[in-house]
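These notes are about the structure you will find just below.
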Amino acid sequence: MEKKFTVGIIGLSVGRIHLDGAVRYGAEIGGICDLKEDFLEEMGEKYNIPAEKRFTDYRDILNNKEIDAVILATPDQLHRQQIVEFLDAGKHVMCEKPLALTREDLGAIVDAASKSDRKVMVGQICRFTPAFVKAKEIIDAGTIGDIYYVESEYAHDYMHILADMSIWRADPLRHGVIGGGCHAVDLLRWYVGDPVEVFAYGTHKLLPQVDYDDATISVLKFPNDIIGKVFVSTGCKRDYTMRTLIYGTKGTIICDNTSPTMRLYTVGENGMAEEYETIEVDVNNHNAAREFEVFADAVFGKAPLEMTATEGAKTVAACHAIVESAKSGMPVKPDYNF
Ligand SMILES: NC(=O)c1ccc[n+]([C@@H]2O[C@H](COP(=O)([O-])OP(=O)(O)OC[C@H]3O[C@@H](n4cnc5c(N)ncnc54)[C@H](O)[C@@H]3O)[C@@H](O)[C@H]2O)c1
């Protein structure tokens, strides 16, 4: 009998979504790992993972020859070390976003990935969100013509998350634009390419416990004469959303990841946007099942890997440029040379 694709999942908080995605795909769960024993047991029971496959030390998964691939859903600061170790151990890796927080860590990961024959995929989950996927299809079909403006926002209230300042998320290197805003930046990169220059302003009124801006607005210049905007607020007083707009010469798309509908404007015969269509979409802003399928297809050579380590690093590089511009008050050209 052919061996099943066997995976290990490290870090089970957001990692439980990946565990669910892997189980739905039909993968063999070779091991689950979390430092918190109670939580590990709870997840093990929920997904019928036998006790001998539940670990508190990720090296038990690292050293298990039966495991083909791992999903890393551990704190951002651990990604570099763990990716490198798992590649050295011959495992394919899917790692949560952001790929890493520092330029040095990004470079080391890209380097390790380029020297390995294993796959490294970065889990930029918005690339699997139904509304955002539909928008990409509409853009690529040319339905809204030549794009001239794009915008996305990442609005999420971290007040409760950052009530405890001893946690890894409170690291000043994990600026909101990098930690969460990377979703909006990556989405626009996916739609229209790498921003060539950014300019940003920040403000700080909502999260007094951190010493960096909790809201940032950036304007971006993309290739092909496209302009754009990314707004990030990590203290906002509203429901989580990533409202996203794409303006083209023949139409406009308005969508987000928390609404069951999106709107598509197209021009009528007179060239005016006199019609719009409301498109129904699933609300699934953590579509880990599809993400896992894409990872497996890449591992088995069924499809090229799009969200590589280099891609993940470029998204963070664009975020770094936004943070730097807000600090310096100067336009910044992101450095994509890894
Ligand atoms: N794609 C998304 O939308 C999304 C959402 C949330 C978080 N994330 C990312 O996922 C990662 C994890 O975030 P989270 O929200 O789950 O964090 P968290 O702090 O809520 O949970 C991390 C889990 O990992 C465990 N852990 C920590 N170090 C470990 C180690 N060395 N070995 C085994 N387990 C370990 C902890 O016990 C904890 O249960 C981060 O990179 C974060 O940026 C992505």
Residue count, the range 308-338 (criterion: free of Cβ contacts under 8 Å to residues at least 12 places away in the same chain and surrounded by 24 or more Cβ atoms within 10 Å (Cβ to Cβ)): 0
Which listed residue, of Lys229, Lys205, is assigned to a loop (DSSP other than H, G, I, E, B) and of a type in the set (Lys, Arg): Lys205
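The rows are residues; the columns are (1) within 13 Å of the ligand (Cβ to nearest atom); (2) modelled with pLDDT of 95 or more; (3) in a strand (DSSP E or B).
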residue	(1), (2), (3)
Glu2	no, no, no
Ile29	no, yes, yes
Glu42	yes, yes, no
Asn48	no, yes, no
Ile71	yes, yes, yes
His79	yes, yes, no
Ala100	yes, yes, no
Gly107	no, yes, no
Matching option when the condition is surrounded by 21 or more Cβ atoms within 10 Å (Cβ to Cβ), more than 12 Å from the ligand (Cβ to nearest atom) and assigned to a helix (DSSP H, G or I), among Val185, Val198: Val185
Breaking point among (1) touching a helix residue (DSSP H, G or I) at 6+ places or on another chain (Cβ under 9 Å); (2) assigned to a loop (DSSP other than H, G, I, E, B); (3) more than 19 Å from Asp186 (Cα to Cα); (4) not hydrophobic (A, V, I, L, M, F, W, C), for Asn285: (3)
Qualifying residue in the range 165-173 (condition: over 21 Å from the mean Cα position of the chain (by Cα) and either at pLDDT below 95 or in a loop (DSSP other than H, G, I, E, B) (or both)): yes
Hits in the range 232-271 - residues which are of a type in the set (Lys, Arg) and assigned to a loop (DSSP other than H, G, I, E, B): Lys237, Arg238, Arg243, Lys250
Tally of residues being in contact (Cβ under 8 Å) with a residue 60 or more places away in the chain and within 14 Å of the ligand (Cβ to nearest atom) across the range 84-98: 5
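The values are calculated or read from the model by the stated rules, or taken from the named source; none is laboratory data. Note that the structure is predicted; figures quoted are calculated from it, not measured. Methodologically, a virtual Cβ is constructed for each residue, glycine included, from the backbone with ideal geometry; neighbour enumeration extends over all protein chains shown.
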